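K.L.:
Here it is, the structure, as structure tokens.
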Protein chains: 2
Amino acid sequence: MSKGSAGPIERGYIGVGLLGMGVVGTGVAEALSTQGSLLEESIGLPLKVQGILVRDAGRSRSSLVDASLITTEAKDVLEHPDVDIVIELMGGEDAALPAIRGALADGRSVVTGNKEVMAKHGAGLLAMARAKGASLKFEAAVGGAIPVISALERGLTGARVQTLRAIINGTTNYILTRMAVEGMAFEDALSDAQERGYAEADPSNDVNGTDAVYKLAVLAMLAYGSPVSPELIYCEGIGNLAPRDFRYAHDLGYAIKLLAIAKDIDDGELDVRVHPAFIASDAQLAKVDGVYNAVQFDSDLAGELLLYGRGAGSGPTTSAVLSDLIEVARGLTGRGGPRPRHTLSAAGRVRPIDELDFRYYLRMTVADQPGVLAAIARVLGDASISIASVIQQEVDETAGSAEIVITTHRSRESALRGATGKLTSLDVVREIGSIIRVEE
Amino acid sequence: MSKGSAGPIERGYIGVGLLGMGVVGTGVAEALSTQGSLLEESIGLPLKVQGILVRDAGRSRSSLVDASLITTEAKDVLEHPDVDIVIELMGGEDAALPAIRGALADGRSVVTGNKEVMAKHGAGLLAMARAKGASLKFEAAVGGAIPVISALERGLTGARVQTLRAIINGTTNYILTRMAVEGMAFEDALSDAQERGYAEADPSNDVNGTDAVYKLAVLAMLAYGSPVSPELIYCEGIGNLAPRDFRYAHDLGYAIKLLAIAKDIDDGELDVRVHPAFIASDAQLAKVDGVYNAVQFDSDLAGELLLYGRGAGSGPTTSAVLSDLIEVARGLTGRGGPRPRHTLSAAGRVRPIDELDFRYYLRMTVADQPGVLAAIARVLGDASISIASVIQQEVDETAGSAEIVITTHRSRESALRGATGKLTSLDVVREIGSIIRVEE
């Protein structure tokens, strides 16, 4: 069955079909329900959910989701005449691949977070989308909210990627961080990750590197412009690492990370692999800890680039799906490319610095005589500025002066300015050398 | 004068006009000349430069630039009937603002790296572009090749930015890094930056914070959807910092960075400022050193995101201009949004891991008896694997075993696999505990 004849502009809205209603699907459905007017402002037309495919119709759902839209029949969503954009969040390959293919074949655009499908079939699906004039977007498939797909598609189009190194599995990075920092055994760190919800009940796809392989296949396809089959990517998991490997690594000046690596080597061949690796402990990637992800590119023109953020979780993944959805929807309304979230109309009100609160660092040159600190403390106290720490040192005996460094608790900028005016007028204060705000 | 009647598709190419022929302008012109076929493949039509505005027609130019296109008359470029996209790289406000306005008024799209114009007039120019159905892109205005404009326009559209903190001036970050690491005085660090080409002969716009203010105004406009006038942004430069401020900061657990900060505070007001700030020395931004830039976002859905890279220089800035140019050009050919640089056709050839070279870390449990290390070294030597370091420790006396850790020089994976097979068969080697590749 083909797409309905009326386009979104004639119809007055963009029809959305949702496949899958897990944590991310629910987050997307809730955002469509609660942020409708903001989305409409940004897109130019309202988004209307036409159907939601679930596995179990009986399960209780978020109160923000219209129960009449729920179905267990894929065709209710995929063949609905008013669905312009299909959001696929089922995961896995079996049901998702035919659904994405079917949607694209009908000329509907697709937003997906499915790394397995994109890794195995991405090039063919992108070609299909292009042939049908539809969009296929998958920012959520790699690195959660980190805009790495967008960077490869857009930001780096003018540059040639030489090397790509990434930490793209939060579960294993959390486990490795616990093993490195606390000397935990692999099994204990894994149990801890499971208790915190950072690892699934069956963690094998994360632990053995398969998840990272899928993501690397997607990144390498975009970076090097040719499909890289996941089976060709060398893969080793983290299950064999012992706590003492981390101690030796530390002594030798390294950290151990599960790295996903893709390099363009001399004669047009690619070096593509996922395995635990020693990396110099002062390298940027060595400092990426816990559930965070990071992707580092080296390219001819742009030099080194690193993108860092939360690589998984419902919030970041929902954010990635929404940004893809907005972009595809803008394309359908002919809004011609990206634009800021809000209409740029009213000038933002900027609060004057005098009305803001900060902690401060103050460095003063003072007379080296008794009672100086008390005099300074009195001026600050009168202005309701309380002292957090004091350092007094570097006495210059020939000048008869000393240096005092004070850090304050949070204080109003106007109060500090008044107080420094008074301090400058004290006989015992020779100079206020520096006033620096602390950014917390 | 209005845009020529024939569109790029009827005409068979996209006409480009270049305003300004400094380092970046030359880089862009050279890329258009040398990478024409790659660009055409990606865009669908060739790009043809129709005119290049320069200040001094007599100056010698890159041999890759067609001298017949050079002009000192802005109208030769701006009123050329076949210019679809104007690339403005003149800098400053005086000539650039009317040029950008004129181009947009004629419905031509504009790519610019002009932070001053975008900071002062960005909202109005974006509105003008939208009204005329033209594009206005400015990735090169902030953070060089770091795709921060793209992230704000696209990646974060689904999320609400709460706080934005950035190091967006490479000159001052280089100076502060020298002052912190080597205890240099400000003046000495500035001279050093000038000698290395990291600071201009007149460095005042960098040193006093003006450059960062312009960039922050652009970022805040996109993050918060309303124009933020640069005059409303509180600004302090780095000229008053003394080397001992960095020593005190270090002792107190802080780094000093020139931060550009924008926060959405409680009642819809913005806190927007540029000044030297103490930040905790374990914070991500504290570790951004030298000429590098970084922009950190905290948002409701996406959590923390950090983008890091070279914030200036001809390569990164040229890369940013090219990626904007490609995106605008794709829009003109109706290629419908971003796509990978190359056609996804031929599968990339992946070199098997056996044919790659690595340094290795090997951990083995061995018999605690004389001659063991010699036996191991012989096996490795026979396989042409040379040893970089050896650690022997943790003797288990009851088991009569010891642990040996070896790191190797670069060796072929196949050789290492052969050698470890032989090591395992040695009587004195009880177990090979770990083999981990070193990523250099």
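The values are calculated or read from the model by the stated rules, or taken from the named source; none is laboratory data. These numbers were taken from a predicted model, which means no experiment stands behind them. Every residue, glycine as well, gets a Cβ built from its backbone with ideal geometry; the counts of neighbours run over all protein chains shown. Just so you know, the surface numbers come from the protein's heavy atoms only, side chains and all, with ligands and any DNA or RNA stripped out. Shrake-Rupley method; radii C 1.70, N 1.55, O 1.52, S 1.80 Å.
K.L.:
Just name the residue that is nearest to the other protein chains (Cβ to nearest Cβ) out of those in the stretch A:285-295 that are within 19 Å of residue B:302 (Cβ to Cβ) and open to solvent by 10 Å² or more (accessible area, probe 1.4 Å).
P.N.:
Applying the filter and picking the extreme gives A:292.
K.L.:
For the stretch A:410-440, which positions are more than 14 Å from every other protein chain (Cβ to nearest Cβ) and either open to solvent by 20 Å² or more (accessible area, probe 1.4 Å) or more than 14 Å from residue A:372 (Cα to Cα) (or both)?
P.N.:
Taking the stretch A:410-440 and keeping what is more than 14 Å from every other protein chain (Cβ to nearest Cβ), we get A:411, A:415, A:418-419, A:421-430.
Those that are more than 14 Å from every other protein chain (Cβ to nearest Cβ) and either open to solvent by 20 Å² or more (accessible area, probe 1.4 Å) or more than 14 Å from residue A:372 (Cα to Cα) (or both): A:411, A:415, A:418, A:419, A:421, A:422, A:424, A:425, A:426, A:427, A:428, A:430.
K.L.:
Looking only at residues that are of a type in the set (S, T, N, Q) and modelled with pLDDT of 95 or more in the stretch A:390-418, which one is nearest to residue A:364 (Cα to Cα)?
P.N.:
A:407
K.L.:
Pick out, from the stretch B:196-256, the helices (runs of 4 or more DSSP H) lying fully within it that include 2 or more residues that are open to solvent by 20 Å² or more (accessible area, probe 1.4 Å) and facing chain A (nearest Cβ under 10 Å).
P.N.:
Details: elements: B:204-207, B:210-224, B:243-252.
Once the helices (runs of 4 or more DSSP H) in the stretch B:196-256 are filtered for at least 2 residues that are open to solvent by 20 Å² or more (accessible area, probe 1.4 Å) and facing chain A (nearest Cβ under 10 Å), what remains is B:243-252.
K.L.:
So which residues in the stretch B:265-284 are touching a strand residue (DSSP E or B) at 6+ places or on another chain (Cβ under 8 Å), more than 9 Å from chain A (Cβ to nearest Cβ) and open to solvent by 40 Å² or more (accessible area, probe 1.4 Å)?
P.N.:
B:281
K.L.:
Residue by residue through the stretch B:136-155, note down the ones that are part of a loop (DSSP other than H, G, I, E, B) and either surrounded by fewer than 24 Cβ atoms within 10 Å (Cβ to Cβ) or more than 7 Å from chain A (Cβ to nearest Cβ) (or both). I'd like the intermediate steps shown before the answer.
P.N.:
Step one: list which residues in the stretch B:136-155 are part of a loop (DSSP other than H, G, I, E, B), which gives B:138, B:142-147.
Selection gives B:138, B:142, B:143, B:144.
K.L.:
If you scan the stretch B:179-191, which residues turn out to be in contact with a Lys or Arg (Cβ under 6 Å, 6 or more places away or on another chain) and open to solvent by less than 20 Å² (accessible area, probe 1.4 Å)? Steps first, answer last, please.
P.N.:
Pass one, the stretch B:179-191, residues in contact with a Lys or Arg (Cβ under 6 Å, 6 or more places away or on another chain): B:184, B:189.
B:189 - this is the single residue of the stretch B:179-191 that is in contact with a Lys or Arg (Cβ under 6 Å, 6 or more places away or on another chain) and open to solvent by less than 20 Å² (accessible area, probe 1.4 Å).
K.L.:
Here is a list: A:55, A:61. Which entry is surrounded by fewer than 20 Cβ atoms within 10 Å (Cβ to Cβ) and either in contact with an Asp or Glu (Cβ under 7 Å, 6 or more places away or on another chain) or at pLDDT below 85 (or both)? Give the steps one after another, and end with the answer.
P.N.:
Numbers: A:55 fails: either in contact with an Asp or Glu (Cβ under 7 Å, 6 or more places away or on another chain) or at pLDDT below 85 (or both).
After ruling out the rest, the residue left standing is A:61.
K.L.:
Does residue B:402 satisfy being surrounded by 14 or more Cβ atoms within 10 Å (Cβ to Cβ), more than 40 Å from the chain's Cα centre (by Cα) and assigned to a strand (DSSP E or B)?
P.N.:
The answer is yes for residue B:402.
K.L.:
While we're on this one: Suppose we filter B:92, B:20 for residues that are open to solvent by less than 30 Å² (accessible area, probe 1.4 Å) and out of contact with any Ser or Thr (no Cβ under 8 Å at 6 or more places or on another chain); which single one remains? Break it down stepwise before answering.
P.N.:
Numbers: B:92 fails: open to solvent by less than 30 Å² (accessible area, probe 1.4 Å).
Residue meeting the stated conditions: B:20.
K.L.:
If you don't mind, there's one more thing I want to ask. Could you please give the count of residues in the stretch A:296-312 that are within 7 Å of chain B (Cβ to nearest Cβ) and among the charged types (D, E, K, R)?
P.N.:
Looking only at that region, the number is 2.
K.L.:
If I ask for residues that are open to solvent by 20 Å² or more (accessible area, probe 1.4 Å) and either modelled with pLDDT of 90 or more or under 16 Å from residue A:300 (Cα atoms) (or both), which ones from the stretch B:297-341 would you list?
P.N.:
B:298, B:304, B:310, B:312, B:313, B:314, B:317, B:341
K.L.:
Provide a single number: the residues in the stretch B:356-395 that are within 14 Å of chain A (Cβ to nearest Cβ), surrounded by fewer than 15 Cβ atoms within 10 Å (Cβ to Cβ), of a type outside the set (S, T, N, Q) and without any contact (Cβ under 8 Å) to a residue 24 or more places away in the chain.
P.N.:
3
K.L.:
How many of the residues making up the stretch B:194-220 are over 20 Å from residue B:249 (Cβ atoms), of a type in the set (Gly, Ala, Ser) and in contact (Cβ under 8 Å) with a residue 12 or more places away in the chain? Spell out the reasoning first.
P.N.:
Kept after step one, since they are over 20 Å from residue B:249 (Cβ atoms), are these residues of the stretch B:194-220: B:194-206, B:208, B:210-211, B:213-220.
Now restrict to residues that are of a type in the set (Gly, Ala, Ser): B:197, B:199, B:201, B:204, B:217, B:220.
Next, only the ones that are in contact (Cβ under 8 Å) with a residue 12 or more places away in the chain stay: B:199, B:217, B:220.
Within the stretch B:194-220, residues that are over 20 Å from residue B:249 (Cβ atoms), of a type in the set (Gly, Ala, Ser) and in contact (Cβ under 8 Å) with a residue 12 or more places away in the chain number 3.
K.L.:
If I ask for residues that are in contact (Cβ under 8 Å) with a residue 40 or more places away in the chain and farther than 18 Å from residue B:208 by Cα, which ones from the stretch B:250-278 would you list?
P.N.:
The answer is B:250, B:255, B:262, B:263, B:264, B:270.
K.L.:
Using the structure shown, decide if residue B:111 is among the hydrophobic types (A, V, I, L, M, F, W, C), surrounded by fewer than 24 Cβ atoms within 10 Å (Cβ to Cβ) and closer than 25 Å to residue A:323 by Cβ.
P.N.:
Numbers: among the hydrophobic types (A, V, I, L, M, F, W, C): yes; surrounded by fewer than 24 Cβ atoms within 10 Å (Cβ to Cβ): no; closer than 25 Å to residue A:323 by Cβ: yes.
Judged against the criteria, residue B:111 is not a match.
Condition check ((1) in contact with a His (Cβ under 7 Å, 6 or more places away or on another chain); (2) under 25 Å from residue A:151 (Cα atoms); (3) not β-branched (Val, Ile, Thr)) across all residues:
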position	(1), (2), (3)
A:215	no, yes, yes
A:222	no, yes, yes
A:229	no, yes, yes
A:233	no, yes, no
A:239	no, no, yes
A:245	no, no, yes
A:252	no, no, yes
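K.L.:
Of all residues in the stretch B:72-89, how many are within 22 Å of residue B:34 (Cα to Cα) and open to solvent by 20 Å² or more (accessible area, probe 1.4 Å)? I'd like the intermediate steps shown before the answer.
P.N.:
So the first thing to find is which residues in the stretch B:72-89 are within 22 Å of residue B:34 (Cα to Cα), and the list is B:77, B:82-89.
From what is left, the residues that are open to solvent by 20 Å² or more (accessible area, probe 1.4 Å) are B:82, B:89.
Total satisfying the criteria: 2.
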